[in-house]
Amino acid sequence: MRRARIRRRLWLYVWLWLAVPPAFGFDEEKLLDLTYPFDENTVYWPTSLPFRLETVHEGKTAGGFYYAAKNFCAAEHGGTHMDAPAHFARGKRTAGEIPLRLLVGPAVVVDVRKKAEENPDYALRVEDLLGWEEQHGRIPRGAVVLLSSGWGSRWPDRARYLGSAEPGDTKNLHFPGFSVEAARWLVRERDIDAVGVDTASVDPGPSRDFPAHRVFAEAEKPVFENVANVDRLPPRGALFLAFPMKIREGTGAPARIVALLP
């Protein structure tokens, strides 16, 4: 176990060295933002409160200098965010308890765009993962497996992205996700660290009992949803870095996610 930690740490240092030139400034061409902005257009789960931003003050103060401050309010689960294991498993880690090592890892991007075009409720299968391995090699331990369904092209059109734009409507949702078989296989056979999707949920839209969520939660694997620009990532070689808000008792948290490209 100690050797595995050392190898992962060395791997991270190598990636950071490749991404940071000698002058210690980031090479912006190797940084890819995987985060949607939070504003009035941000897509939230149909039963969740939307993002709200209110101005406390903006302009000159009595002292004559400029000052601006705002308050924001939003549900945990909306926009680009993390689902903590506590979201679907009692007694598991909250958003504030996720180890940093689970937020950083090699990105494995599984492209199912063609299948999702034919079936908007497509569920990633074990066969898709095995097919990826045939082309790109074994999924590494500690990987962050990302579903690339093409759904990002629909953001922020709620009707096209969710399947329904009606507030509170969870019965007519349509978007791809993970099958429970694929979730179990990734946890048991590959010991991945986390997963992410370019859709609103790791379970396909029509799901009512969220089995993939429950598998990942019980295994203490964080889930990242509404991840942007997944289709711009290579199948392998990028480094995934997530920075969710450290909400101590949160079941989830808004997140800034970036990738370091090879």
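Tabulated results
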| quantity | calculated |
| --- | --- |
| Residue count for region 51-80, restricted to those that are buried (at least 18 other Cβ atoms within 10 Å of the Cβ) and part of a loop (DSSP other than H, G, I, E, B) | 6 |
| Pick from region 137-150, criterion outside any strand (DSSP E or B) and touching a strand residue (DSSP E or B) at 6+ places or on another chain (Cβ under 8 Å), ranking: most open to solvent (accessible area, probe 1.4 Å) | Pro140 |
| Residues within region 17-43 that are at pLDDT 60 or above, among the aliphatic types (A, V, I, L, M) and not in a loop (DSSP other than H, G, I, E, B), tallied | 2 |
| Qualifying positions in region 81-120 - in a loop (DSSP other than H, G, I, E, B), among the aliphatic types (A, V, I, L, M) and touching a Ser or Thr at 6+ places or on another chain (Cβ under 8 Å) | Ala84, Val112 |
| Failed condition for Asp83, given (1) in contact with a His (Cβ under 8 Å, 6 or more places away or on another chain); (2) open to solvent by 20 Å² or more (accessible area, probe 1.4 Å) | (2) |
| Output for region 114-135, where each listed residue is over 20 Å from the mean Cα position of the chain (by Cα) and open to solvent by 60 Å² or more (accessible area, probe 1.4 Å) | Lys114, Lys115, Glu117, Glu118, Asn119, Glu127, Leu130, Glu134, Gln135 |
| Selection status of Ser164, among the small types (Gly, Ala, Ser) and either more than 16 Å from Val227 (Cα to Cα) or touching a Cys at 6+ places or on another chain (Cβ under 7 Å) (or both) | yes |
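The values are calculated or read from the model by the stated rules, or taken from the named source; none is laboratory data. Just so it is clear, the structure is predicted and the values come from calculations on it, not from any experiment. When we count neighbours, we look across all protein chains shown, and the Cβ atoms used for this are built from the backbone with ideal geometry, even at glycine. Calculation scope for accessible area: heavy atoms of the full protein, side chains included, ligands and nucleic acids excluded. Shrake-Rupley method; radii C 1.70, N 1.55, O 1.52, S 1.80 Å.
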